[in-house]
Amino acid sequence: MAGANGECQNGAVLDQWHPLGAIDEAEPNVVHVTRLLGESISFAVTPEGRSAVWRTRGDLAAGMPVDPESVAGTLPSRCEFLYVWTSLGDPPERSFDIPEFFEPDRRNFNACTIGLRTSAPRAVENFLDMGHFPFVHDGLLGSEPRTEVVDYNVHVDGDTNEVWATECQFWQPAASATATEGQMVDYVYRIMQPYSILLYKSCPAAPERMDLIGLFVQATSEEHCRGHMFLSLIDDESSIGHIRRFVQTIFAQDVPIIENQNPKRLPLDPQAETPIRSDRASILYRRWLSDLGVTYAVIPAA
Amino acid sequence: MIKLYDYVLSVNCYKQRLMMSILDVEYETVPVDFFPGWEHKGEEFRKINPLGHIPVIDDDGYILWDAHAILVYLAAKYDPSGRWYPTGDPGLLGETASWMLFAEGTTNTASAARLCVNLGYDFDLEACQAGAHRLFRVLDEHLWFREREGREWVCSGAHPTIADIALFPDVVLSEEGGISRLDYPALRRWTDRVKRIPGFEGMPGIFPASRGVEV
């Protein structure tokens, strides 16, 4: 069984698709080395955007030229939604859908890949939380005294087994790179996999459509991760540098908050940390992780 | 107006934003897609700085790079009181230069560790962290003795200098590189004093100083 000798023994996590890096940022036909679930993992992409992923080995060191299609003994891999993905177990045929990604007028790109000294689910949970906006992202995603998180709905989709938080609303002084004034912003959160979350957010350029911001987290170990920030925006005005600056500012404001949460692994016992009313999404997220049998990077309920 | 070629998460760029904010100098930023775009390594940007690094300022056609050199220039030109870069006091000026060189060390250790952890730079993380602790120990002791003399800043004058500005970002963001400041109480008190300098501006990852109690 794959993964049997690795640090992670948790089938529910091994069988998932995990992101390794942005396809565009990996020089083609060269070995790239990263970490996943406590193991050293190597990958390479072809100029056409096909990938090969394997457990790191001596004859293919980082930076060496390689024809990805000639590598033997590879792990499952796919290039999808901007990133190279792999699995250390038996992954499902399909991971998840993002139909909006294929709309021709969208700009899809990686905003950044940032390493965090905390567990993957802590990063997902922070991304899911609106309550911290006025305090951590003052002047951008929130502002005192408008701190109220209006009631919203949460459910697990029966067909896809994804967590959804819908009808979320928050007042934001500068909701996006193009915002010029404060506005009430609509949010929908969607957790597709234990460590992958997508946010649908009111789009200033097209009121009837949504911008998509994803956080696809690569659990490098139980208490370390890399967050890949996926963007699919309707915005033909801003430069990529301008948008990245906006998104990275917000991400970096979160870093000290996330890294100071202890324990670093996410406790799934409902008694472990005290939620408030606005935490309904994270309560469901934690219960859903338990139901999926996730034990890696979390502290399972007793 | 001064143009600052800037990356929002760069400590060396932040040093310039902080200095200009304190000196109340008007400037505009030109965002450089440093990460993950590596725009500063591209052909276009190398026409501005052939070394391919930021920050760079363009002050009405006068181009200057290297973070600590820019601080010297900004203070010399835009601080009429002459206190931030104390050219009128040879002793103090020497101290300032000495601690500016020390700050090269904190940038190459503490801030390098942060690049490793956050942006995946391929440095020797443990060596960076160990180097930062060695320097923090020295700086903490130094500041502790300064406090005993009733002095608040890195150099011996009554007013902060560009050395404080050069050191502050490397120190205050060290936790992001896995370098705890738990063992350096004088260093922590000094970061709070810097945060209370009039005109202080933070950057993502820096908590503002707590508000004083209003009476």
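Annotations for the structure displayed:
- All positions within the range A:18-52 that are out of contact with any Gly (no Cβ under 8 Å at 6 or more places or on another chain) and part of a loop (DSSP other than H, G, I, E, B): A:Ala26, A:Glu27, A:Pro28, A:Asn29, A:Thr46, A:Pro47, A:Glu48, A:Gly49, A:Arg50
- Selection count, the range B:105-120, where residues are surrounded by fewer than 18 Cβ atoms within 10 Å (Cβ to Cβ) and out of contact with any helix residue (DSSP H, G or I) (no Cβ under 7 Å at 6 or more places or on another chain): 3
- Selection count, the range A:221-230, where residues are under 13 Å from the mean Cα position of the chain (by Cα) and within 12 Å of another protein chain (Cβ to nearest Cβ): 5
- Residues within the range B:52-72 that are more than 20 Å from the chain's Cα centre (by Cα) and within 25 Å of A:Ala252 (Cβ to Cβ), tallied: 0
- Residue list for the range A:255-288, filter: part of a helix (DSSP H, G or I), surrounded by 16 or more Cβ atoms within 10 Å (Cβ to Cβ) and not aromatic (Phe, Trp, Tyr): A:Val255, A:Pro256, A:Ile257, A:Ile258, A:Glu259, A:Ser278, A:Asp279, A:Arg280, A:Ala281, A:Ser282, A:Leu284, A:Arg286
- Breaking point among (1) within 14 Å of chain B (Cβ to nearest Cβ); (2) not in a loop (DSSP other than H, G, I, E, B), for A:Ala165: (1)
- Looking at B:Gly94, B:Gly52, B:Gly37, just one residue is over 17 Å from A:His242 (Cα atoms), free of Cβ contacts under 8 Å to residues at least 12 places away in the same chain and surrounded by fewer than 22 Cβ atoms within 10 Å (Cβ to Cβ), and that residue is B:Gly94.
- Taking (1) surrounded by fewer than 21 Cβ atoms within 10 Å (Cβ to Cβ); (2) acidic (Asp, Glu); (3) in contact (Cβ under 8 Å) with a residue 12 or more places away in the chain; (4) at negative phi in turn, A:Glu181 satisfies each apart from (3).
- Filter result (farther than 17 Å from A:Asp24 by Cα and of a type in the set (Val, Ile, Thr)) within the range A:67-94: A:Val71, A:Thr74
Yes/no matrix, rows are residues, columns are (1) closer than 25 Å to A:Asp24 by Cβ; (2) more than 14 Å from chain A (Cβ to nearest Cβ):
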residue: B:Lys15; (1), (2): no, yes
residue: B:Glu26; (1), (2): no, yes
residue: B:Pro36; (1), (2): yes, no
residue: B:His40; (1), (2): yes, no
residue: B:Gly52; (1), (2): yes, yes
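Results for (1) under 28 Å from A:Val298 (Cβ atoms); (2) touching a Ser or Thr at 6+ places or on another chain (Cβ under 9 Å); (3) more than 14 Å from chain B (Cβ to nearest Cβ), shown as yes or no for each residue.
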position: A:Glu103; (1), (2), (3): no, yes, yes
position: A:Arg106; (1), (2), (3): no, yes, yes
position: A:Arg117; (1), (2), (3): yes, no, no
position: A:Asp138; (1), (2), (3): no, no, no
position: A:Thr160; (1), (2), (3): yes, no, yes
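- Some residue of the range A:91-105 being touching a residue at least 12 places away in the same chain (Cβ under 8 Å), in contact with a helix residue (DSSP H, G or I) (Cβ under 8 Å, 6 or more places away or on another chain) and surrounded by fewer than 19 Cβ atoms within 10 Å (Cβ to Cβ): no
- Just one of (1) within 25 Å of A:Glu103 (Cα to Cα); (2) touching an Asp or Glu at 6+ places or on another chain (Cβ under 7 Å) fails for A:Glu208. It is (2).
- Helices (runs of 4 or more DSSP H) contained entirely in the range B:105-206, each with at least 3 residues that are farther than 22 Å from A:Thr118 by Cβ and either at pLDDT 95 or above or within 14 Å of another protein chain (Cβ to nearest Cβ) (or both): B:125-148, B:162-172, B:185-195
- Residues in the range A:237-254 that are facing chain B (nearest Cβ under 7 Å) and of a type in the set (Gly, Ala, Ser) were compared, and the one that is surrounded by the most Cβ atoms within 10 Å (Cβ to Cβ) is A:Ala252.
- Checklist (1) within 23 Å of A:Gln218 (Cα to Cα); (2) more than 14 Å from chain B (Cβ to nearest Cβ); (3) of a type in the set (Phe, Trp, Tyr) applied to A:Tyr152, failing item: (1)
The values are calculated or read from the model by the stated rules, or taken from the named source; none is laboratory data. In this text the structure is predicted, and so the values were computed from the model without any measurement. Note that each Cβ is placed from the backbone with ideal geometry, even for glycine, and that neighbours are counted across all protein chains shown.
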